[in-house]
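J.: A single structure is presented below for examination.
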Amino acid sequence: MGGRTSDWKEELGRFLKPFLARLGHKARRQMCPLYVSGLIGPGDRKSIQPMAERLALGEYDQLHHFIADGVWDAAPVETELLVQADRLIGGSDAVLVVDDTAIPKKGTHSVGIAPQYCSALGKTANCQTLVSLTLARGEVPVMLALRLFLPESWTSKRARLERAGVPTEYRTARTKLEMALAEIDRIIAAGVRFGCVLADAGYGMSAPFRQGLTARKLAWAVGIPRHLKVYPADVQMIRPVTPRGRPRQRIPDTLSVAVQDMLATAKWQNISWRTGTKGKLRARFAAVRVRVADGSPQRIKDKTYQHVPGEQAWLIGEHRASGEKKYYLANLPANTDLRTLAATIKARWVCEQAHQQLKEELGLDHFEGRSWQGLHRHALMTMIAYAFLQYRRLATTRRKKKNQRPTASANSARRTSRHSRALGPTTPTAMSTLPKMDMQRATA
């Protein structure tokens, strides 16, 4: 076992070289590999003191200083993470998933902590909330960004922000939607390649968020609530006839309706989008072209506060076997088929898998410090550790494929693959056949 441990640690050292070049000082270049290997290695608790004990460092002051107190700029290292993630899985068939993840905590002093909705518990609880962005290709996710959301109970109290060491530029109140768009800009500026942005209804219900993506010329597919209003795609703007006076502003020739009503008469189809651990995952889907009611507000007929039609998009409905119904909007091309729409919106699941693995296996939620700097540096190290495990996983898969002898069926599969590529872009269902990550196998 010792030899195999040595192998993965040597490989980690090679993987970390471009990150260490961004750190500068020799002491930081020594502490970074130790911290990352501590996150990957054995042990239930991935906070600083137990990691230092397992790494036989004696006192844990050096690790603590590196994460919590050391004077170094994380931005170059964050940029290197984007570069390496793009090398691993970037491309036009990758997706960028916007979400948030919560870290339940006790007390009142940890930066950003407040009673708020906690996704980990499914209810309002005392927690920290991190806005996350994940690059994913098929079943392979790499976390790109984790940024702490500061509730009003923090942004309204300067002394509290100063005690937690929140940088001046982050002390102004920002919504999660604004934070996500800012991170998307940073990711684009670094040259990360992806084909579509995905988000759940917490983000997708926001017209400014969807419009922000469109303004950046990005393809998107987002969840929405069932009561969101839309118009038929062929809605016309007309000038109502008035008996006298000035002509009125143009209004839609029909009223907007809730998305669940728009799909009431749609044709539904059974579609399988990928194979899970218990077989093929299936649901019933329907899709119609609509125009979203997110234009300027206006009085329409006898309705005092309505929105005129905005951009055209796909409205997609999903009826699950459990009876649950979900709704989505996507600005994908008008000729996109239903199977591709379904596969695209369902590609978001890998983000939840990444959140779970970052917490359960790499200790994202184990940081015990209270400062802004410490939390974000710890989160950055967990993302680098996760990227390494995905790098190792992909390399292992490539070696296995290389060692397999070609057979008649394999040759046939290659011909089929070439034919599929000739037909057009790879859909999310066919992006990858890689197995889910196993931490022990990844470091074996």
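J.: What figure in square angstrom, to the nearest 10, would you give for the accessible area of Phe209 with a 1.4 Å probe?
T.: 0
J.: Could I ask something else about it? All other residues with a Cβ under 13 Å from the Cβ of Arg226 taken together, and with Lys, Arg as +1 and Asp, Glu as -1, what is their net charge? Let's see the in-between values first.
T.: Numbers: positive: Lys229, Lys325, Lys326; negative: Asp261, Glu318, Glu324.
Here the count lands on 0.
J.: Name every cysteine in the chain that ends up alone, with no second cysteine's Cβ under 4.7 Å, or say none.
T.: Within the chain, the cysteines lacking a partner Cβ under 4.7 Å are Cys32, Cys196, Cys351.
J.: Straight-line reach from Lys278: which lysines fall under 27 Å, measuring Cα to Cα and dropping same-chain residues less than 8 apart?
T.: Lys325, Lys326, Lys346, Lys359, Lys400, Lys401, Lys436
J.: From the phi of every residue in region 107-120, what ³J(HN,Hα) in whole Hz does the Karplus formula 6.51 cos²θ - 1.76 cosθ + 1.60 yield, where θ is phi - 60° and glycine or proline is x?
T.: Those phi angles translate into x, 10, 9, 4, 4, x, 6, 5, x, 7, 4, 10, 4, 5 Hz.
J.: Might you report the magnitude of the Cβ-based charge dipole of region 97-170 about its Cα centre, with Lys and Arg at +1 and Asp and Glu at -1, to the nearest 20 debye?
T.: Numbers: 9 positive and 6 negative charges, 67 e Å.
In debye, rounded to 20, region 97-170 gives about 320.
J.: For the chain, with all protein chains present and a 1.4 Å probe, just round the carbon and sulfur fraction of the accessible area to a whole percent.
T.: On the way: 11210 of 22380 Å².
Carbon-and-sulfur percentage of accessible area, whole number: 50.
J.: Taking θ = phi - 60°, what integer Hz values does the Karplus form 6.51 cos²θ - 1.76 cosθ + 1.60 yield along region 7-22, in sequence order, with x for Gly and Pro?
T.: Coupling constants for region 7-22: 4, 6, 6, 5, 5, 4, x, 5, 5, 7, 3, x, 6, 5, 4, 7 Hz.
J.: Reachable aspartates and glutamates from Lys106, Cα under 19 Å, same-chain residues fewer than 8 places away excluded?
T.: Excluding near neighbours in sequence, the set is Glu152, Glu360, Asp365, Glu368.
J.: Follow-up question, since we're still on this one. In terms of the Cα gyration tensor, with a ≥ b ≥ c the square roots of its eigenvalues, is region 1-127 rounded because a/c is under 1.5, prolate because a/b exceeds b/c, or oblate? Mind showing how you got there, number by number?
T.: On the way: a/c = 1.63, a/b = 1.20, b/c = 1.36.
Oblate shape, in that a/c is at least 1.5 and b/c is the bigger or equal ratio.
J.: Now for a separate question. Just want the answer: with Cβ charges of +1 for Lys and Arg and -1 for Asp and Glu, which residue in Ala233, Phe15, Gly223 is farthest toward the dipole's positive end in the chain?
T.: Final value for the positive-end residue is Ala233.
J.: Does region 158-313 classify as rounded, prolate or oblate by the C-alpha gyration tensor (a ≥ b ≥ c root eigenvalues; a/c under 1.5 gives rounded; else a/b over b/c gives prolate, otherwise oblate)?
T.: Working: a/c = 2.39, a/b = 1.24, b/c = 1.93.
Oblate shape, in that a/c is at least 1.5 and b/c is the bigger or equal ratio.
J.: Dipole size in debye (nearest 20) for region 42-145 around its Cα centre, Lys and Arg Cβ +1, Asp and Glu Cβ -1?
T.: Details: 8 positive and 13 negative charges, 93 e Å.
Magnitude of the dipole: close to 440 debye.
J.: Taking square-rooted eigenvalues a ≥ b ≥ c of the alpha carbon gyration tensor, is the chain rounded, prolate or oblate, where a/c under 1.5 means rounded and, failing that, a/b exceeding b/c means prolate?
T.: On the way: a/c = 2.38, a/b = 1.39, b/c = 1.71.
Because a/c hits 1.5 or more and a/b fails to exceed b/c, the chain counts as oblate.
J.: Using 0.36 nm times the number of residues separating Leu255 and Arg216, minus their current alpha carbon distance, what extension gain do you get?
T.: 11.1 nm
J.: Sticking with this one: Please identify every one of the trypsin sites (Lys or Arg not before Pro) in region 89-144 that sits in a loop by DSSP and has no more than 15 other beta carbons within 10 Å of its own beta carbon.
T.: Working: sites: Lys105, Lys106, Lys123, Arg137; in loops: Lys105, Lys106.
Answer by residue number: Lys106.
J.: Here is a follow-up. Fully extended, how many nm does the chain gain between Ser92 and Ser272 (0.36 nm per residue separation, minus their Cα-Cα distance)? All intermediate terms of the calculation are to be shown ahead of the outcome.
T.: Working: separation 180, 0.36 × 180 = 64.80 nm, distance 2.26 nm.
Extra length from Ser92 to Ser272 when fully extended: 62.5 nm.
J.: Give me the one-decimal nm value for the distance between modelled label points at Leu34 and Ala395, 7 Å along each residue's Cα-to-Cβ direction.
T.: Each label point is offset 7 Å from its Cα along the Cβ direction, giving 2.4 nm.
J.: Not counting ligands, DNA or RNA, and with a 1.4 Å probe, what is Arg45's accessible surface area in Å² rounded to the nearest 10?
T.: Only protein atoms counted, so the area is about 100 Å².
J.: Among the lysines, which have Cα under 20 Å from the Cα of Lys17 when same-chain residues fewer than 8 positions away are ignored?
T.: Cα-Cα hits under 20 Å: Lys9, Lys26.
J.: Can you give the charge dipole size of the chain about its Cα centre, rounded to the nearest 20 debye, using +1 on the beta carbon of Lys and Arg and -1 on the beta carbon of Asp and Glu?
T.: On the way: 70 positive and 38 negative charges, 292 e Å.
Dipole of the chain, to the nearest 20 debye: 1400 debye.
The values are calculated or read from the model by the stated rules, or taken from the named source; none is laboratory data. Here the structure is a predicted model, which is why all the values come from computation and not from measurement. Every residue, glycine as well, gets a Cβ built from its backbone with ideal geometry; the counts of neighbours run over all protein chains shown. Side chains are part of the model used for accessible areas, which takes the heavy atoms of the whole protein and leaves out ligands, DNA and RNA. Shrake-Rupley method; radii C 1.70, N 1.55, O 1.52, S 1.80 Å.
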